[in-house]
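Below you'll find the structure, written out as C-alpha cells, and then a few comments.
Only the coordinates and a few stated rules stand behind these numbers; no lab work does. Keep in mind the model is a prediction, meaning the values are calculated, not measured. Counting neighbours? That spans all protein chains shown, and the Cβs are built from the backbone with ideal geometry, glycine included.
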Amino acid sequence: MIGAVAAATIAGGVVAGLLVVKRLESGTWQMLDRGDFVRVRDRLTGDNRGPSRVIYLARGPMTFSPGTDDAAAGRSSVVAAKANTNVAMPGWKGSDKAWKQVVTCVSNLFAPFDVEVTDTRPAGDDFIVVAVGGRPGDLGEKNKRVGGLAPFSGAVIPRAVVFAFAQQLDHQVHPVCETIGMEVAHAYGLDHAYLCKDVMTYLKPCGRKSFVDKDVPCGEGTRRACNDGAPTQNSYRRLLAVLGPRRQTR
Ligand SMILES: [Zn+2]
C-alpha cells in the first residue's frame, strides 16, 4: 500500500486526518504518499467539473459505499481507502442547540465565498456532503485521535464525501465546526497551513479559527513547502480562487 494519513494535534488533543486519495482516469482510486502530490494535481487538471457550491451538513445517519466520491450516491473514496465496504455513520448525537450552532459556525467560516451551507439535503446531485457524527472506528480508521477525514488531491474533488467525527470531538461546537471547515477545504484542494489561527492548521489552538488572508508556509507540526510546490498558501485567497466571492444576490 502506498498511503499516508497526515495527522497532528488540534483542539483537545484530537487529530484531524488528511486522507490522500488519487483518482485515476479509470475511476478507481488509490491512496498516495506525499511524494505523489504533484503528479495527482497534474492528472486532475483534466477533470473539468467545477467545484460543488453546496456544502450539505448531514445530521442524520447515513450509509456510504466505497468508490469514487459521489455525495448524492453516498459513495466515498475515504470509505474505499479505509473500510472498503459499506459503512453506516450514526449521525449527530449532540443537542439541537449545539447542532444549530455548528451550522451557523460553518456558514460563517464560508461566508466570504460563493458557496451555500445547509443542513437540508439538496435537491440536485452537485454538493459536498459532510457526514457529521460517529467515531473514526466507524470507518475502520484505527487512529482514535483522528477528528475528521477527507479526500485530498491538491485540486477540487467534485461531490466529495467528507467526515467529521463529532462523537470523537464530544459534540463540542467549535472543534466540530473547525474540523468540518478543514475537511471541506481539503476537498477544495487546500493543504495544511502552518498558522495557528487558520482553519487549515494542526498547531495548538490559539482561539477561534478562520480562513486567514495571509501567505503562510504549509505544514503540520513543522513548516514545509505546499503540495503544489509553492512555498506558501493563503487559505482565504485559495478558496476565493476556487469559489469566487459571495454574491450579494443569490
Ligand atoms: Zn487536514
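From the square roots a ≥ b ≥ c of the eigenvalues of the alpha-carbon gyration tensor of the stretch 115-160, which class results: rounded (a/c under 1.5), prolate (a/b over b/c), or oblate?
Working: a/c = 2.76, a/b = 1.57, b/c = 1.76.
Cα axes put the stretch 115-160 in the oblate bin.
Between the stretch 190-220 and the stretch 224-241, what is the C-alpha centre distance in whole Å?
Using only Cα atoms, the two centres lie 11 Å from each other.
How would you order 216-229, 61-74 from highest to lowest mean count of nearby Cβ atoms within 10 Å?
Values: 216-229: 16.8, 61-74: 19.1.
Those peptides, ordered most packed to least, come out 61-74, 216-229.
Can you give the FRET efficiency for K97 and T63, using 1/(1 + (r/R0)^6), R0 = 30 Å, r = Cβ-Cβ distance, to the nearest 0.05? Each step should come with its number before you reach the end.
On the way: r = 27 Å, r/R0 = 0.90.
Calculated transfer efficiency: 0.65.
Starting from the Kirkwood radius over alpha-carbon pairs of the stretch 131-240, derive D by Stokes-Einstein at 37 °C in a medium of 0.692 mPa s and give it in µm² s⁻¹.
Numbers: Rh = 14.1 Å.
Answer from the Stokes-Einstein relation: 233 µm²/s.
Within a Cβ distance under 11 Å of A131, other residues only, what is the Lys/Arg minus Asp/Glu net charge?
Working: positive: R59; negative: D138, E183.
Local charge sum for A131: -1.
Using the structure shown, list the pairs from K100/K214; K144/K204; K100/K142; K82/K144 with a Cα-Cα distance above 22 Å, or answer none. Working shown, then result.
Values: K100/K214 30 Å; K144/K204 18 Å; K100/K142 30 Å; K82/K144 13 Å.
As for pairs spanning more than 22 Å Cα to Cα, those are K100/K214; K100/K142.
What order do you get for Y56, Y188, Y236 when you list them from fewest to most C-beta neighbours inside 10 Å?
Y236, Y56, Y188
Starting from the 7 Å offset along Cα-to-Cβ, what nm value, one decimal, do you get for the label separation of D228 and K144?
It is 3.9 nm.
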